[in-house]
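Written below as structure tokens is the structure these notes are about.
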Amino acid sequence: MAEVIRRADDGARAGRSTPHPSVARSGWRDRGETGRAGRCHTSGVDQETDVVVVGAGLAGLRCALELERAGLDVVVLEAADAVGGRIRTEEVDGFLLDRGFQLLNPAYPELEGVVDVPALGLQPFGAGVVALTDGAKHLRLGHPLHAPRLLGSTLLAGGRRPGELAAMLRWARPLSTPRRHRRLADVLAARPARTRREALDRVGADGVLRRVVERFLAGVLLEDDGSTADDYAQLLLWMFVRATPGLPRAGMAALPHQLAARLTRPVHLDTAAEVVSGRRVRAAGTTYAARAVVVATGAPDAATLLRTEVPGTRGVSTAWWSAPEPPPTHALLHVDARTEPGGPVVNCAVVSDAAPSYAPPGAHLVQASALLAPGRAAPEAELRRHAGEILGTDPSGWELLRRHDVVHALPAQPAPFSARRPVDLGAGHFVCGDHRDTASIQGALVSGRRAAAAVVDSLGPTPGLSPGRAPGRRAPR
């Protein structure tokens, strides 16, 4: 198991949340330490290595794992006090609170062979959604195979609205059309580029069924104006059709921690990269010289370090409360599908109904998420009121545990959709992250693999590496 390094004088910082699960740490190693590349002789350089990876989120960890697998010496630098990037979990009074409500979909192809999903103890949400509709009525819709108990209400909802249902089926036709060994992404890419709103308008979709889908996707895509590329929205829906997402027993942070534990070299925590100049990285008073530098941070930080264009991002606010009594949610996500939504919440749920490990015995954990625009965070009281309205319960007894405002939660995915943005920027600089692929866990892992493959191709064969072991040499999915 890889050890994790942090600066010894940072442990006493006040007010820092406790990451969960805990990761073993040691004191900062002597600055003169070097890896396989040997003791440094370059003027002004404290440490030499083959590759420096800046950022220990999913993309950076995946990239580092593939580079080590290819026989390269890798140093991973992380600015935060734990690995994971935007995927973090903290423990508050026995509750597990992820940094923003997020789920792991076991249908993501890139998890295969990389993540031990059974070891995460995934606790699935129900394969459906409860929508508050006009007249204070709740509409329950679910996957006919994964949520058979919702089959009756789903058929009834569609039967009462045959025109709406037909339009939504026309919109989702690519998901059910035989592809004859073609990937869904290729089928979607062959269509004209449209936004989600344009695609739904084109098939004449209207009414409550469209609103349910749009409000559900608002919480996934972090936009409610329909500006996301329809190709990407349909790819995400296909993942939801294939499997039921859930939460790991120890919180979402268990995913990056599992990857970090497989590294043979340590992750340097509390070590923010200040400057990337050529093939050198200056971080926390240390200069690292490498044959290649991979920047695996979020989009804004990557743009700053590499002086590239800053892509658009979406933000989210998530409030977490403990509740004395749980609303009858049946482990389902709830949305407001009324013609005029009653507040800012895009989704809410009693998380502990689906993931009992997220709350102490006898306690109940509620989350509500809202879109976050710069300078326009919804007040906690408004989130609480609207969540109670959607769930059909009195929220006055809820106790706020934590609120997370994540300004750059996801990269925007506008039309035309491009799922493969360049990872090799030239001059020994590489970049990875979900902003280089799809804005998802799947995209982060794929981009890390792609960046590692590009590094190996750039540096050439590694002595002692058998043919075929270079990262990324897998059959296309």
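Of all the numbered requirements in (1) within 22 Å of Glu223 (Cα to Cα); (2) surrounded by 18 or more Cβ atoms within 10 Å (Cβ to Cβ), Gly342 misses one, and that requirement is (2). Summed over the range 195-210, residues that are within 24 Å of the chain's Cα centre (by Cα) and charged (D, E, K, R) total 2.
If you check Ala370 against the conditions, is it crowded, with 21+ Cβ neighbours inside 10 Å and in a strand (DSSP E or B)? The answer is yes for Ala370.
Here Leu155, Leu151, Leu72, Leu145 are screened, and the one residue that is farther than 25 Å from Val346 by Cβ, at pLDDT below 95 and outside any helix (DSSP H, G or I) is Leu145. Of all the listed residues (Ala119, Ala80, Ala59, Ala64), the sole one being in contact (Cβ under 8 Å) with a residue 40 or more places away in the chain and not in a helix (DSSP H, G or I) is Ala80. Does the range 118-126 contain any residue that is at pLDDT 95 or above and exposed (fewer than 13 other Cβ atoms within 10 Å of the Cβ)? Yes, that holds for at least one residue. For Arg402, the criteria (1) farther than 19 Å from Thr228 by Cβ; (2) buried (at least 19 other Cβ atoms within 10 Å of the Cβ); (3) not aromatic (Phe, Trp, Tyr) hold in every case but one, which is (2).
Considering only residues that are surrounded by 22 or more Cβ atoms within 10 Å (Cβ to Cβ) and over 10 Å from Val54 (Cα atoms), which ones fall in the range 271-288? Within the range 271-288, Tyr288 is the sole residue that qualifies. Entry remark, the range 256-293: residues being hydrophobic (A, V, I, L, M, F, W, C) and under 16 Å from Asp81 (Cα atoms) number 8 in total. Please state which of the following conditions Ser352 fails to meet, knowing it meets all the rest: (1) assigned to a strand (DSSP E or B); (2) of a type in the set (Gly, Ala, Ser); (3) closer than 24 Å to Ala254 by Cα. Unmet for Ser352, out of (1) assigned to a strand (DSSP E or B); (2) of a type in the set (Gly, Ala, Ser); (3) closer than 24 Å to Ala254 by Cα: (1). Against the criterion of being modelled with pLDDT of 90 or more, assigned by TED's automatic domain parsing to the domain that holds Val52 and in contact with a Cys (Cβ under 9 Å, 6 or more places away or on another chain), Arg449 qualifies. Scanning the range 356-397 for residues that are more than 23 Å from Leu222 (Cα to Cα) and in contact (Cβ under 8 Å) with a residue 40 or more places away in the chain turns up Pro356, Ser357, Tyr358, Ala359, Pro360, Ala363, His364, Gly392, Thr393, Pro395, Gly397.
The values are calculated or read from the model by the stated rules, or taken from the named source; none is laboratory data. Everything numeric here is computed off the predicted structure, so don't read it as measured data. Glycine gets a Cβ as well: all are built from the backbone with ideal geometry, and neighbour counts include every protein chain shown.
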